[in-house]
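What follows is a short report on a single structure.
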Amino acid sequence: RYAAGAFPFSRFGGACPRWRLHSAFRTPGRIITQIIETPDGGRWFTFARTVERQGQDGYGETHDLAVGLGCELRHAHRLAYAHGLDLDRPEVTPIGPACRLCHRHPCAERAAAPIDRPLAVDDWAKSVSPYPFAAI
């Protein structure tokens, strides 16, 4: 969990799948960076990597954990992991708090429809999102 009170975490349902924190498992032990933009326009520099979980489960298997850290983009120039990135004109990934609360459309990574929007299914149109929804 981030300790930042300004970061809009979802209390239920997990974080946005567009956040690279989740893809840290594809490159175990390597640090990955990303600049994200939240629905309120806030921009954050984030970095993540996997670490080995201490202990084992009942079957003797170990499991990795993903650890993510970050700060508001305006402070990123102080971090070594941000060196070499264009922080004045960054490549930004828009994310939402969680699929059930997100109004970003279209989103190919969407895992669930928004709880407050009706689905807009059209038999003759194809959508990038598995859950196309109506704009309000």
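The values are calculated or read from the model by the stated rules, or taken from the named source; none is laboratory data. On a predicted model such as this, the values are computed, not experimentally measured, just so you know. A quick note on method: Cβ atoms are made from the backbone with ideal geometry, for glycine too, and the neighbour counts reach across all protein chains shown.
In the stretch 101-136, how many residues are small (Gly, Ala, Ser) and not in a loop (DSSP other than H, G, I, E, B)? Adding up the residues that qualify gives 0. Picking from residues in the stretch 28-47 that are among the polar types (S, T, N, Q) and at pLDDT 90 or above, the one that is farthest from Leu85 (Cα to Cα) is Thr46. Among the criteria (1) under 25 Å from Ile31 (Cβ atoms); (2) crowded, with 16+ Cβ neighbours inside 10 Å; (3) not basic (Lys, Arg), the one Asp64 does not fulfil is (2).
Residue check: Ala80 meets all listed conditions (1) loosely packed, with under 14 Cβ neighbours inside 10 Å; (2) at pLDDT 90 or above; (3) within 30 Å of Phe133 (Cβ to Cβ) but one, namely (3). So which pairs qualify, if the first residue must be in the stretch 15-40 and touching a residue at least 60 places away in the same chain (Cβ under 8 Å) and closer than 17 Å to Cys107 by Cα, the second must be surrounded by 16 or more Cβ atoms within 10 Å (Cβ to Cβ) and among the β-branched types (Val, Ile, Thr), the Cβ gap must be under 7 Å, and the two must be at least 6 apart or on different chains? These pairs meet every condition: Cys16/Ile95; Arg18/Ile95; Trp19/Ile36; Trp19/Ile95; Arg20/Ile32. Cβ separations smaller than 9 Å between residues 6+ apart or across chains give the following pairs from the stretch 116-136 residues that are in contact (Cβ under 8 Å) with a residue 12 or more places away in the chain and surrounded by 16 or more Cβ atoms within 10 Å (Cβ to Cβ) to residues that are not in a loop (DSSP other than H, G, I, E, B) and not aromatic (Phe, Trp, Tyr): Tyr131/Cys99; Tyr131/Leu119; Pro132/Leu119; Phe133/Leu119.
Strands (runs of 3 or more DSSP E) fully within the stretch 32-100 that include at least 1 residues being over 14 Å from the mean Cα position of the chain (by Cα): 43-52, 64-72.
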